[in-house]
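Before any comments, here is the structure.
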Ligand SMILES: [Zn+2]
Ligand SMILES: [Zn+2]
């Protein structure tokens, strides 16, 4: 099979990915093999290729928003049948035994395995997945539509939960890419007032089209104080900006796996009055199942840009340079 691997880490325009030919992987106990139809492009893939995230093994295949069809079962696997369409996401496996897993916080597992970082992901013709960590996908949702839900959607949903805004509450969304545009739709359906603060005319237009209550520049103040906010942009300099926009007691959740340095925080103006700053780390399977159900019920629509799998490096470069809004999706076969 063909696969893209991270050959070395470098700026995306310098070509860190390489196309290789590999044997089809054989599923182990409890695993299934997936013939990949689509794989979404996540900013984490870019962080991995560029070395912000240190690759955990050489020549790993990136990609963790995978949609495909089961074509082989490993020993003991029986949750899905050959021919079933499933989704593969970032959380590839946990140990199930550490203190975090035991108390239901498997996103904090001490020995996690992440798809497209610890094990090969979806920039390929096929991949393996532990069936217990795969997702059934609702019928009627196209492959290209489903792919971005699997990381951008799920992580955004966890960030939304952690931002702790109730129905009728005021949510700030900083940055408006693949994850934010899905999360904003869920928030609006849950009855929140959504204020989007982002750079880029295209992103602001998309936010307006999706029904945001206000849309402004990333560093502008929203028209009302926020009960909670999510920072999607990987820009640490926006942390104090977003904290200032919070009402007393509000929470800022940082959704990204990587963030540039946070400047000095002014305790009185930016954190006092019980404002809270917290990170978001991966997700539990429960987050994933809940989000996929809500996305189906609310008919959350991903704005997607299709690329051929052959053009994975261009898709990542376009993401790096902000050349599209919404989410890029790689296709094996014709989009
Ligand atoms: Zn664990
Ligand atoms: Zn991701």
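Read-outs: derived from the displayed coordinates by stated rules, not from any lab. Remember, it's a predicted structure, so these values are computed and weren't measured experimentally. So basically every Cβ, Gly included, is an ideal-geometry build from the backbone, and we count neighbours across all protein chains shown.
Points to keep in mind about this one:
- If you take the alpha carbon atoms of segment 111-263 and fit the smallest convex hull around them, that volume is 150 Å³ per residue.
- Spatial offset of segment 56-118 relative to segment 280-304 amounts to 17 Å, using the alpha carbon center of each.
- 10 Å binning of all Cα-Cα separations within segment 145-202, expressed as whole percents from 0 upward: 25, 55, 20
- Derived value for segment 61-171: Kirkwood hydrodynamic radius 15.3 Å. Basis is the mean of 1/r over every pair of different alpha-carbon atoms.
- 0 to 90° range, to nearest 10: angle between helix 178-189 axis and the chain longest Cα axis: 60
- Here the peptides 116-124, 285-293, 229-237 are ranked by packing, the mean other Cβ count within 10 Å, and the order with the highest first is 116-124, 229-237, 285-293.
- Beta bridges assigned by DSSP with both partners in the chain are antiparallel in approximately 55 percent of cases.
- With the largest listed first and rounded to whole Å, the semi-axes of the equivalent ellipsoid of segment 265-331 from the Cα gyration tensor are 33, 22, 12.
- Debye intensity ratio I(q)/I(0), log10, the chain, q values 0.10, 0.11 Å⁻¹ (C-alpha model): -0.55, -0.67
- Gyration tensor analysis over the Cα atoms of segment 1-85 returns equivalent ellipsoid semi-axes of 28, 13, 12 Å (largest first, whole Å).
- Packing rank of 22-33, 140-151, where each peptide gets the mean count of other beta carbons within 10 Å, highest leading: 140-151, 22-33
- Average projection area in nm² (convex hull over Cα atoms of segment 221-327, one quarter of hull surface): 9.1
- Near-label residues of segment 103-129 by backbone N, under 18 Å of a point 7 Å along Cα→Cβ of residue 82: 126-129
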